[in-house]
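The block underneath contains the structure these notes are about, expressed in structure tokens.
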Amino acid sequence: MGLALLFVIWLITLASSWFFFAKTWWMPAGASAAAAGIDRQFAITYALMGIVFIAAQLALGLFVWKYRDKERMQSHYSHGDTGLELIWTVLTAVLFIGLNLAGAKAWSEQRFAPASPDAIKVEVTGVQFAWYFRYPGPDGKFARVDPANIDASAGNEAALGLDTTDPAAKDDIVTGTMVIPVDREVEIELRAQDVIHSFYLPSMRFKQDAVPGLIIPMHFRPTQVGEYEFACAELCGLGHYKMHGVLKVVSQAEYDKWLQEREAEKAAQ
Ligand SMILES: [Cu+2]
């Protein structure tokens, strides 16, 4: 029985690790300026944690077999080994604090370093169960939103509760599709209207919770034209599965044209 358990434990360990070695379970190819650095950090974390995981599970299998039930075996009580406990506590602390320090730069650059002055501003709002994208228009200013104006069934501007008496509201564009130009930084202001959502763009290596009552600024720079999936990564209710869509990264000219068309549509209303 001990030997059978050893093989089962080793088999589960090696089979599940194989998917990570083979990269069957991995993110789509990175398409943002920060992707390479974040992937490097991921790879280091996976390699270190993989070594610890495999070593621990192999040892577990061995011990299950070594200390299997034998005739006239007596159990005995132990107070533990202070030296060993110190070693593994310190090693674990060094590993976790070290990984945090190594990843701090990649993490904080998207959040705490200011976006470049020519960044495109997009306000992203998570609502049960849709994402809305707001562009400030030529004035570069987002108008006020007021919860009293919210009409979720009307969608877009009304779903955000845009205050149309604010002069800055005239050129605010609200859409359900996110279009941005390639090689320009995008400064996102992340909001949530009701519960916690999470804006996740795997190809951009961008992921951040959207929290009601907070405006969270973050930025990234797409480096390749294309269509990339985004999704809500925080279980937010029955319609959570609907909160996904496509980010379109296009040329600057295409972006300008798209934005002008939206402005013209709005003016015609
Ligand atoms: Cu959500």
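The values are calculated or read from the model by the stated rules, or taken from the named source; none is laboratory data. Model, not experiment: these values are computed from the prediction. Please note: Cβ atoms are built from the backbone with ideal geometry, for glycine as well, and neighbour counts cover all protein chains shown. Surface accessibility is based on the protein's heavy atoms, side chains included, excluding ligands, DNA and RNA. Shrake-Rupley method; radii C 1.70, N 1.55, O 1.52, S 1.80 Å.
Report the gain in length on full extension from V225 to I196: 0.36 nm times residue separation, minus Cα-Cα distance, nm rounded to one decimal.
Values: separation 29, 0.36 × 29 = 10.44 nm, distance 3.00 nm.
Extending this stretch completely gives an extra 7.4 nm.
Work out the count of Lys pairs in the stretch 173-269 where the Cα-Cα distance is under 22 Å, with the pair 8 or more places apart or on different chains.
Lysine pairs satisfying the spacing and distance rule in the stretch 173-269 number 5.
How high is the FRET efficiency between R144 and A43 when r is their beta carbon distance and R₀ equals 45 Å, given to the nearest 0.05? Don't jump to the answer; show the numbers that get you there.
Numbers: r = 45 Å, r/R0 = 0.99.
The value I calculate is 0.50.
Roughly how many percent of the accessible protein surface of the chain is carbon and sulfur, given a 1.4 Å probe and a whole-percent answer? Intermediate values should be presented prior to the final figure.
Numbers: 10400 of 16290 Å².
Ligands and nucleic acids excluded, carbon and sulfur give 64 percent.
What distance in nm separates the two pseudo spin-label positions at E254 and F53, each 7 Å out from Cα along the beta-carbon direction?
Placing both labels 7 Å along Cα→Cβ, they lie 3.7 nm apart.
Mind pulling the angle between the C-alpha long axis of helix 35-66 and the longest principal axis of the chain? Nearest 10 degrees, somewhere in 0 to 90.
Helix 35-66 and the main axis of the chain meet at about 30 degrees.
If each of M1 and D151 carries a label point 7 Å out from its Cα toward its Cβ, how far apart are those two points in nm?
With each label point 7 Å from Cα toward Cβ, the separation is 7.0 nm.
At 1.4 Å probe size, with every protein chain present, just tell me what the per residue accessible area of the stretch 115-231 comes to in Å².
Numbers: 4870 Å² over 117 residues.
Result: 42 Å² per residue.
Quick check: residue separation of R72 and A93 times 0.36 nm, minus the Cα distance between them. What number comes out in nm?
Working: separation 21, 0.36 × 21 = 7.56 nm, distance 4.03 nm.
Length gained, R72 through A93: 3.5 nm.
Name the residues whose placed amide hydrogens come within less than 5 Å of the amide hydrogen of A192, ignoring near sequence neighbours (fewer than 5 apart) on the same chain.
The list, which skips near neighbours in sequence, is G126, V211, G213, L214.
Treating the angle as unsigned and between 0 and 90°, give the value, to the nearest 10°, between the Cα long axis of helix 252-268 and the longest Cα principal axis of the chain.
It is inclined by approximately 50 degrees.
List the residues, sorted by chain then number, that are 5 or more residues from A34 or on another chain and whose placed amide H is less than 5 Å from its amide H.
R221
Among W25, F220, L60, pick out the residue whose Cα is farthest towards the positive end of the charge dipole of the chain, where Lys and Arg carry +1 and Asp and Glu carry -1 on C-beta, about the Cα centre.
L60
Apply the Karplus curve 6.51 cos²θ - 1.76 cosθ + 1.60, θ = phi - 60°, to the phi angles in the stretch 109-118 and return the couplings in whole Hz, x for Gly and Pro.
4, 6, 10, 9, 6, x, 6, 5, x, 8
Which residue fluctuates the most in the chain, going by a Gaussian network model with Cα springs under 10 Å, if the choices are E189, E71, E157?
Maximum among the listed residues: E71.
Would you please give the FRET efficiency between D183 and D163, computed as 1/(1 + (r/R0)^6) with r the Cβ-Cβ distance and R0 = 25 Å, to the nearest 0.05?
Numbers: r = 34 Å, r/R0 = 1.36.
Result of the calculation: an efficiency of 0.15.
Amide H neighbours of I120 under 5 Å, at least 5 residues apart or on other chains, H built in the peptide plane: list them.
Excluding prolines and chain starts, which carry no amide H, the hits are E185, V186, E187.
Hey, if you put +1 on the Cβ of every Lys and Arg and -1 on every Asp and Glu Cβ in the chain, which of V249, S108, P147 ends up farthest toward the positive end of that dipole?
The Cα lying farthest towards the positive end belongs to S108.
Report the residue, chosen from D194, D118, D209, that carries the largest GNM mean-square fluctuation when the chain is represented by alpha-carbon nodes joined by springs under 10 Å.
For the chain, modelled as a Gaussian network with Cα springs under 10 Å, the answer is D118.
Test of understanding: in a Gaussian network model of the chain with alpha carbons linked when under 10 Å, which of F19, F206, F42 would top the mean-square fluctuation ranking?
With Cα springs under 10 Å in the chain, the top fluctuation among F19, F206, F42 is at F19.
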